Amino acid sequence: MDRGEEGFRLETPAVRVRPNTIRRAAANGGVLIGLYVVVFAVVAFLALVPLAALVIGSLRDTSPGMPGQWTLANWANLVSPGVVETLLTTLAVAGLSTAFAMAIGTALALVIHRTDFRWPNAMTGMLALSFYFPSFILAMAWIVIGSPGGVINDILREFLNIESFSVDIYSVTGIIFVMVLHQVPFVYLTIRGPIMGMDPSYEEAARTAGASPWRMLRRVTLPMLAYALASSALLCLVLTLEQFGIPVLIGVPGHVTVLATQIYLLCRFPPTAYGLAAAIGLTLAAITSVAILLQRRLARGDRSVTTTGKAGKITPIPLGVWRWPVNLMCGFYIAVSLVLPGLILLYTSLIKFFTANPFDATFTFRNYLYIWNSEETQRAIINTIIVSGGGALVGVLLGVACSYYVVRLRPTGYRVLDALVMLPFGVPGIVLGLGLLWAYAYLPLPLYGTLTLIVLAYVTRFLPYAAETAGARFVQLDRSLEEAAWTAGASRLSGVWRILMPLSLPSLQSSYFLLFMAFFREISATILIFTASTSVLSVSIWSSFEQANWGFASALSILAMVLMVAMMSLLLWAMPGARRR
Amino acid sequence: MGISVKNLVKSFGTHTVIHSISFDVADGEFVTLLGPSGCGKTTTLRCIAGLDTPSTGTIAINGETVSDPANNLFVPPHERDLGMVFQSYAVWPHLTVAENVAFPLTVKGDRDVAAGVAWALDIVGMSKLAQRRPSELSGGQQQRVALARAIAARPQLLLFDEPLSNLDARLRDRTRLEISRIQRELKVPALYVTHDQTEALSMSDRVIVMEAGRIVQEGDPRELYQKPVNRFVADFIGGANFLHVQRVGRQWQLENGSPLAVDPTTDRDDGRSKIALLRPEAIRLDEPSVPTPTGQNRLTGRVVGGMYLGPHVEYIVEVGADRLRAYSRSALSPGSPAILTFDACDCRLVDDTPLTEARSHHA
């Protein structure tokens, strides 16, 4: 009895805490039940109000808040030649953009993760950066480059004296080109995981069976990625269908209209037709929702890619003679999606009158000085930081609460809560904005014209991401970790606070990072509901560009991107958990 | 005192997993719930811990009713003053060893947390690793941390949910002894859930064998091994051979006609179908040329195969239509005849109950 006798100094430390007397079952976790009711109500409010308002709006013959009649005319007008043409354009633009983005994104992922490409880490970093490059800023840069009075045509005319040929970004081709540039990083980031998680033994089996590397790619790797590719393609299709910044900047001057921009035009330019806009919005939301439902079904059925967790060393495919073509392709993509747009914006922000020839240009800091002097712009910057910083926190907390109930506690009605959380996933930003516009014309809530409304819109739009990230983490954490806390004497709430939250922190940080960045560059949900006092940076940039003030818009864009990079670094430094992506 | 479970029923929807079971654990007693997976043993334990809510029936811990659905009474787990060790260890990876062990003390508002932690870590021999992270510990060490955490606040009850099933065989033997020792020192009632008969037999004061949500038999380990009530218990605890027998007049004989003398205390004609239980270690296995003592059962069989295990050879021998396991030190070649001798009192008649009959019989 060596240690045993020491063990018998039992009378020393612990003070016996007797359990409280009998409690009723309902009393257990009363706070959690109360919180459930609140969360449920908030989520139902966020998800259902805009949609209900759209349905009502689509049946009215006037603008929001005006007296009018009930009508079915808006729905009948959906089949008018104008709307049908827009629908076809939308589908064509989204379909083609998705096809090209998938091809390029998948090729890049295979090059980076399956071949002996020399700079995989640098390339991944560049792609991640260009993922965060806001779409409307990319569109602006490409308008400066490719519009009739832009850089390319200037060079053609002034330097090469070519009059017979010119480029025009204000076209369907232009929209698709910029959309592809913008979507490629998304495709890459969604395909990357499945490619890296693939069990190498399947490929090794193909190689030992005598297949050449390219044959192996075609016959084994790509077929095994079929589910992941299809699921990525569907999400990409949704994003291109609801894309607003690119078609509004490029398409409107070029008279190319897609559904998202038509909604905007119907609301902003007389004669306005808010009712028809609502009907179009619901139609667009229905299309994207179908794509998302398909994607979810696919993702659930995906059993082909076995992620064994032991991502073994894969023998990279030698690029051989393809090395330089591949290098050029990668360099070209980074140049046109990141470097060139950045440089052009910087250049445009520093000159007085636009010219493609830097030697003709008059350089000036007046655009930056103007930011310094403009109270309006400063308010937009402060608004953006409040909305992104605070809004993302609200979004993450609400997402965590929803996931805790849906994944862990599962009280009555948790399936309904789950469905409500996921509902906004299929609602494009511009449609959500329109819904809120209709809703707050009728609801007796003093929210219109406040930053709260903007935060509400953003949180609604990105709640599915926040909930999904937290839920994925909760599923990974064994239930017994919390149960051990309860049996050790901790209440449910204390178990959540002391065990579940610390263990989920990295995921929550990464979710905060994602939401912060998304809120920072969001424009589609804001464009219909902002007011002078609630303008945010994205809207300021866009509106000064609309007023043909390229120099100021570029200066603001540069400032926005510097702020974004600064915030990114700050967040990554403060929250190590956000680094794992 | 201790635990008192009365008429416990647990259903998930229409599916009932525990069919009204009752048992007690006396103060300081070590009781094991033993049974195959899905028999309801873990659910029973979780009901006692308060992690699952019973459908009906009452549970009392040290005289205080903690669960009684009929009276809408349910004390949540954190107010039941218990310590529990989980199969997955459930050691919190974001806390150090010391912080893990301190947790129950701090949530219960203990005045001297440091002394409590030192005491608990000393008992499990982990004092030197107090500042480590769980990720830096082996499975066995993590299990010790889980054990220290369970006892740190001196609970009035210890619960174990298959705590050794993730450890390798040698570590399992050592930890088994450790758990027994700690429970004896603390003198608190302990309920232990396992599907491993060795653990059940070696650690327990009393074993409760469960099957399909019902208690089949309970008793001390010796009694269960030596006097199982039916084929299920006999088969589940220890290696068992079964001989198909039939009554001919006042005698029992094998299907090939050989007469069989059985333990007379088990020779009851209660109308239920019987089968003869014969433990492998009770059989003496010889070549036909070796003379055998008289007055015992003597059967002739044929060697089917053998496995060399070191101390002895384990043979499979065919006797009539039955295949038996038996040990011998002599080398017998497959296909050769062999003689099996054993005492009548080692050959017990037990109820030959298929699962469904066992259920209705004990309901």
**OP:** Determine, at each q value in 0.09, 0.20 (inverse angstroms), the log₁₀ of I(q)/I(0) that the Debye formula gives when each Cα of the range B:1-122 is one equal point scatterer.
**Re:** -0.31, -1.17
Original post:
In degrees from 0 to 90, rounded to the nearest 10, what is the angle of the helix A:120-131 Cα long axis to the longest principal axis of chain A?
Top reply: 70 degrees
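Once you average over the residues of B:174-182, how many Cβ atoms of partner chains fall within 10 Å of each Cβ? Don't jump to the answer; show the numbers that get you there.
On the way: counts 0, 0, 0, 0, 1, 0, 0, 4, 3.
Partner Cβ neighbours, averaged per residue: 1.
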Original post:
In the full protein assembly as shown, how much of B:T353 is accessible to a 1.4 Å probe, in Å² to the nearest 10?
Top reply: 10 Å²
**OP:** Quick one: grab Rg to one decimal and Dmax as a whole number for the range A:53-164, Cα atoms only, in Å.
**Re:** 23.0, 67
Subject >> Calculated P(r) of the range A:442-564 - Cα pairs past 19 Å, % >> reply: 63 percent
Original post:
Across peptide B:99-107, how many C-beta atoms of other chains are within 10 Å of each residue C-beta, on average?
Top reply: 4
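With only alpha-carbon atoms in the gyration tensor, what are the semi-axes of the equivalent ellipsoid for the range A:518-559, in Å, largest first?
Working: eigenvalues 60, 28, 14 Å².
Gyration-tensor ellipsoid for the range A:518-559: 17, 12, 8 Å.
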Subject >> In Å², nearest 10: area of B:H195 left accessible to a 1.4 Å probe >> reply: 90 Å²
Subject >> Rule-of-thumb Rg ratio for the protein assembly as shown [Cα; 2.2 N^0.38 Å; N residues] >> reply: 1.25
**OP:** With no solvent and one equal point scatterer placed on each C-alpha of the range B:113-199, evaluate the Debye formula and give log10 I(q)/I(0) for q = 0.14, 0.20 Å⁻¹, two decimals.
**Re:** -0.48, -0.98
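How much FRET efficiency would the formula 1/(1 + (r/R0)^6) give for B:D27 and A:Y202, where r is the Cβ-Cβ distance and R0 is 56 Å, rounded to 0.05? Each step should come with its number before you reach the end.
On the way: r = 59 Å, r/R0 = 1.06.
Once rounded, the FRET efficiency stands at 0.40.
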Subject >> Estimated inter-spin distance, A:E375 and A:T450, nm [label 7 Å along Cα→Cβ] >> reply: 2.3 nm
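Quick check: net charge around A:V290, other residues with Cβ under 12 Å of its Cβ, Lys/Arg +1 and Asp/Glu -1?
On the way: positive: A:R296, A:R297; negative: none.
Computed value for this residue: +2.
Can you give the FRET efficiency to the nearest 0.05 for A:A230 and A:Y132, using r as the Cβ-Cβ distance and R₀ = 30 Å?
Numbers: r = 26 Å, r/R0 = 0.85.
The value I calculate is 0.70.
Mind ordering B:61-74, A:257-270 by average Cβ neighbours within 10 Å, highest first? Intermediate results must be reported in sequence, preceding the final value.
Numbers: B:61-74: 16.4, A:257-270: 20.6.
Most protected by this proxy first, the peptides run A:257-270, B:61-74.
What translational diffusion coefficient, in µm²/s and rounded to a whole number, does the Stokes-Einstein relation yield for the range B:127-277 at 20 °C and a viscosity of 1.002 mPa s, taking the hydrodynamic radius as the Kirkwood radius over Cα pairs? Mind showing how you got there, number by number?
Values: Rh = 18.6 Å.
In µm²/s, the coefficient is 115.
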Subject >> Residue with peak Gaussian network fluctuation, chain B [Cα springs, cutoff 10 Å], from B:L158, B:L340, B:L349 >> reply: B:L340
Subject >> Per-residue SASA entry for B:S202, accessible area with 1.4 Å probe, Å² rounded to 10 >> reply: 70 Å²
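Of B:K41/B:K108; B:K227/B:K274; B:K41/B:K227; B:K10/B:K108, which sit over 24 Å apart, Cα to Cα?
Working: B:K41/B:K108 29 Å; B:K227/B:K274 14 Å; B:K41/B:K227 22 Å; B:K10/B:K108 30 Å.
Where the Cα-Cα span goes over 24 Å, the pairs concerned are B:K41/B:K108; B:K10/B:K108.
Would you please give the FRET efficiency between A:D478 and B:L73, computed as 1/(1 + (r/R0)^6) with r the Cβ-Cβ distance and R0 = 35 Å, to the nearest 0.05? Present the calculation step by step, with values, prior to reporting the outcome.
Details: r = 29 Å, r/R0 = 0.84.
About 0.75, to the nearest 0.05.
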**OP:** Of all alpha-carbon pairs in the range A:433-503, indicate the percentage at a distance above 19 angstrom.
**Re:** 56 percent
Original post:
Taking the Cβ of B:S165 as the center, what net charge do the other residues with Cβ under 13 Å away carry, scoring Lys and Arg +1 and Asp and Glu -1?
Top reply: -2
**OP:** Enter the angle in degrees (range 0 to 90, nearest 10) between the Cα long axis of helix A:375-403 and the first principal axis of the Cα atoms of chain A, meaning the one along which they spread out most.
**Re:** 40 degrees
**OP:** Mind checking the per residue accessible area of chain A for me, 1.4 Å probe, whole number of Å²?
**Re:** 45 Å²
Subject >> Rg(Cα) / (2.2 N^0.38 Å) computed for the range B:188-315, rounded to two decimals >> reply: 1.26
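Dividing the alpha-carbon radius of gyration of the range A:395-486 by 2.2 N^0.38 Å (N being the number of residues), what value is obtained?
Numbers: Rg = 16.0 Å, N = 92, 2.2 N^0.38 = 12.3 Å.
With N residues counted in the range A:395-486, Rg over 2.2 N^0.38 Å equals 1.30.
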Subject >> Residue-averaged 222 nm ellipticity for the protein assembly as shown, from DSSP H runs of 4+ at -39500 (n - 2.57), nearest 500 >> reply: -15500 deg cm²/dmol
Original post:
Taking the Cα atoms of chain B alone, what are Rg (to one decimal) and Dmax (as a whole number) in Å?
Top reply: 24.4, 76
Subject >> Estimated distance in nm for a label pair at A:V84 and B:T266, the labels positioned 7 Å out from Cα along Cα-to-Cβ >> reply: 8.7 nm
Original post:
So what's the angle, to the nearest 10 degrees on a 0 to 90 scale, between helix A:340-349 and the longest Cα principal axis of chain A?
Top reply: 70 degrees
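Calculate the mean, over all residues of peptide B:79-88, of how many other protein chain Cβ atoms lie within 10 angstrom of the residue's Cβ. The partial results should precede the final answer.
Values: counts 11, 4, 6, 5, 3, 6, 2, 7, 2, 6.
Per-residue shielding by partner chains comes out at 5.
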Original post:
Summed for both chains, how many Å² of accessible area, to the nearest 100, are buried between A and B with a 1.4 Å probe?
Top reply: 3900 Å²
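Report in % the part of the accessible area of the protein assembly as shown that belongs to carbon and sulfur, leaving out ligands and nucleic acids; probe 1.4 Å.
Working: 24800 of 41210 Å².
Taking all protein chains in place, the protein assembly as shown shows 60 percent carbon and sulfur surface.
The values are calculated or read from the model by the stated rules, or taken from the named source; none is laboratory data. The structure presented is a predicted model; accordingly, all values stated were derived computationally and were not measured. So basically every Cβ, Gly included, is an ideal-geometry build from the backbone, and we count neighbours across all protein chains shown. Please note that ligands, DNA and RNA were not included when accessible areas were found on the heavy atoms of the full protein model with its side chains. Shrake-Rupley method; radii C 1.70, N 1.55, O 1.52, S 1.80 Å.
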